[in-house]
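First comes the structure, then the notes that go with it.
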Amino acid sequence: MADVLTLDEPSRHLAPGARLVWRLHWAGACIAAGVVGVMAREVLPEAWRPLLWALPVAALVLGTPVVPEWRWRRWRWEVRASGIDLRRGTLQVRRTLIPMTRVQHVETTRGVLEQSLKLATVQIHTAAGSHTIPLLSADDAAQLRTRIAALARTEAGGG
Amino acid sequence: VGERLHPAAIAVYAVQALREGAFPLITILAVSVFGGGLDERALLRGLAFAAIGALGATVLGALRWASTRYRTDGETIRLRRGWLSVKETDVPLARVQALDVEQGPVQRLFGVRAIHVQTGGGGAGGEIVLGALGAAQVARLRELVASHRPDALSDEREQAPERVLTRRMLLVGALTSGQLGVILPVLAALSQMVDDLVGDPTEGGRSAGRLLPDTVAEWALAGAGLLVAAWLLAALGAIVAFSGFAARRDGDVLRVRRGLVQRREVTLPVARVRAVRVVEGVLRRPLRLATLRVEVVGYAKEAAAAQTLFPLLPRAEVEPFLAALLPELADDPGGLEAPPARARRRYLLAPTAAALVVAALAALALGTPWLLIAGLAGPVHGWLRWRAAGWRLDDGRLAVSSMMLARTTVLAPAANRESHDLAQTALQRRARLADLEVAFGKSTTARIRHLDRDVARGLWLRIT
């Protein structure tokens, strides 16, 4: 997307397995929307009712291969000495920089699905809130955590 | 082992226990008094419950007082609480950031003070709270802390610059506080009540329905009365919260005193102040008055009033005020640069569309096309937001103003940020616009929408 956000952009991708997780999430959400829609079909006039299952099915068939792939390609991260650089988003592209000196602590979480695929989600906490890097490979996540901890420690004296 | 608190702590703890148990107690009381109709026996029973409650609370207070000890050796302040399970808290003297003094109604009655021992950890209240100390005990504690951390104490002899909220400003502030937060639940409760009474024509409903106004004029009158009541309530709340408000710079810390019933002195280390917010409420903006708030890292969980640096001052005096008390963050909230002219359309578009949809749905549901006029609120709000948006980055100092209901201007050195974002939607990309967001703390994010792409990028890089 636009050159504003590609300047010296971060280069690391999420784990390739993230696409699978997101595909499952997307498909699950579509099926759930379809079921809810069909159950609540009384709210719409007769002529509009097919939309309630047609839209989720269309989203399922067309979106499942495309959207997670798109999201995955757009998600980039990089840890530099100056800070953590994130760039992500499909409809809205967002570039975030978190200075190392502001990192308070780092958290890694692994759900059941993530554990079975050897993935992990890293959360970076600052005094203003937290930032999430989802679905990294477990090795990357562990490395990232130690790297951030080490950098934050050395920077703490200067900041 | 260690020293007891002043015996007035029994009363302090008893009141605290009563307050914690207040809701169930009042419920029991109300049920017992009104449950079987209001007769003499029920009243007596209620009084008996109240007496038992008060006695129980006093016993609890006495037990808590008897099992609470504090001790200061050369290096730490230690608080030991509890009877069955003992809890000990140690605060190294070198870590004490401040001794905050609090004097609630109970403490004032006995002429004692509550001391909050604050460390760098921040959080609500102090790490150690000593509920009631006599004058001699306070003096000893202060002396001890002074020998380790001289800047943690307020020095009453020194004439540091202090700003006091005048009575006139307190009154103006109270009358213009106009907190929608107070009014909305009242309105919601009323509409629910009306719904219950009108929508359900049972016997009780009909008899109560007669109490309701039935002409438009009466409805308008009732609504106006309610608004006035809510407004007075908000004014009273502001008077109680901000009476005797004074702010003072004292070396590395800011000291803020306030409160009518609960007197409190709060110490804010300047190093922890990340940003200043200049808030101009809807009613105050025409009077060119503003509230100053500070984002203090580590204090984000404390009540909002704890972050008020000064409740009300003329907008023109914001910069001189900050120059005297907080020169590290002083800046002029005026004279900001607006987003480019082509961004105006974007500011108007989204609220207009949203308001039109809502108005159309409401008009359809209620069958009155006149409600469509309410859709005009969208473009008006969008236009006001466009007018309020502005930014400046000068000599490393960032100033960003934006508006939802109140206009808020964030003033802070850019280096104080916790993180910063540059964001662009597909539509903004075509118009070569982008959003910039700079987060300074949990409740302060400077956000400016629809800047020129290159300007936004330049800002983002300069902050990096």
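General remarks:
- Breaking point among (1) surrounded by 13 or more Cβ atoms within 10 Å (Cβ to Cβ); (2) over 17 Å from the mean Cα position of the chain (by Cα), for A:Gly17: (2)
- Scanning the stretch A:102-126 for residues that are part of a strand (DSSP E or B), at pLDDT 85 or above and aliphatic (A, V, I, L, M) yields A:Leu119, A:Ala120, A:Val122, A:Ile124.
- Against the conditions (1) surrounded by fewer than 18 Cβ atoms within 10 Å (Cβ to Cβ); (2) in contact with a Phe, Trp or Tyr (Cβ under 6 Å, 6 or more places away or on another chain); (3) within 14 Å of chain B (Cβ to nearest Cβ), A:Thr64 satisfies every one except (3).
- Taken over the stretch A:127-142, residues that are modelled with pLDDT under 85 and either of a type outside the set (Gly, Ala, Ser) or in a strand (DSSP E or B) (or both) amount to 1.
- Qualifying positions in the stretch B:451-464 - at the interface with another protein chain (Cβ under 9 Å from one of its Cβ atoms) and over 30 Å from the mean Cα position of the chain (by Cα): B:Arg453, B:Asp454, B:Ala456, B:Arg457, B:Trp460, B:Leu461, B:Thr464
- Residue pairs whose Cβ atoms lie under 8 Å apart, sitting 6 or more positions apart in sequence or on different chains, and linking a residue in the stretch B:428-450 that is facing chain A (nearest Cβ under 7 Å) and closer than 21 Å to B:Pro333 by Cβ to a partner that is among the hydroxyl-bearing types (Ser, Thr, Tyr) and in a strand (DSSP E or B), are B:Ala439/A:Thr126; B:Ala439/B:Ser419; B:Ala439/B:Thr445.
- The number of residues in the stretch A:37-86 that are of a type outside the set (Asp, Glu) and in a helix (DSSP H, G or I) comes to 30.
- Among residues of the stretch B:97-113 that are within 12 Å of B:Arg264 (Cβ to Cβ), those with a Cβ under 8 angstrom from a residue that is surrounded by 23 or more Cβ atoms within 10 Å (Cβ to Cβ) and of a type in the set (D, E, K, R), sequence gap 6+ or separate chain, pair up as B:Val101/B:Arg113; B:Glu102/B:Arg113; B:Gln103/B:Arg113; B:Gln107/B:Arg113.
- Criterion (assigned to a strand (DSSP E or B) and free of Cβ contacts under 8 Å to residues at least 60 places away in the same chain) met by exactly one of B:Leu43, B:Leu79: B:Leu79
- So B:Leu371, is it surrounded by 17 or more Cβ atoms within 10 Å (Cβ to Cβ), more than 14 Å from chain A (Cβ to nearest Cβ) and either polar (S, T, N, Q) or touching a strand residue (DSSP E or B) at 6+ places or on another chain (Cβ under 8 Å) (or both): no
- Scanning the stretch B:411-426 for residues that are in contact (Cβ under 8 Å) with a residue 12 or more places away in the chain and either closer than 11 Å to B:Leu329 by Cα or assigned to a helix (DSSP H, G or I) (or both) yields B:Leu411, B:Ala412, B:Pro413, B:Ala414, B:Ala415, B:Asn416.
- Looking across the stretch B:393-409, just one residue is basic (Lys, Arg) and either at pLDDT 95 or above or under 14 Å from B:Glu319 (Cβ atoms) (or both), and that is B:Arg397.
- B:Thr408 being closer than 25 Å to B:Thr291 by Cα, within 12 Å of chain A (Cβ to nearest Cβ) and outside any helix (DSSP H, G or I): no
- Single residue of the stretch B:411-424 satisfying the filter (farther than 12 Å from B:Glu295 by Cβ and in contact with a Gly (Cβ under 9 Å, 6 or more places away or on another chain)) that is surrounded by the fewest Cβ atoms within 10 Å (Cβ to Cβ): B:Ala415
- Residue within the stretch B:379-388 that is within 14 Å of chain A (Cβ to nearest Cβ), out of contact with any His (no Cβ under 9 Å at 6 or more places or on another chain) and either touching a residue at least 60 places away in the same chain (Cβ under 8 Å) or under 25 Å from A:Gly129 (Cβ atoms) (or both) present: no
The values are calculated or read from the model by the stated rules, or taken from the named source; none is laboratory data. Because the structure is predicted, anything quoted here is derived from the model rather than measured. With ideal geometry, Cβ positions are generated from the backbone for all residues, glycine too; neighbour counts draw on all protein chains shown.
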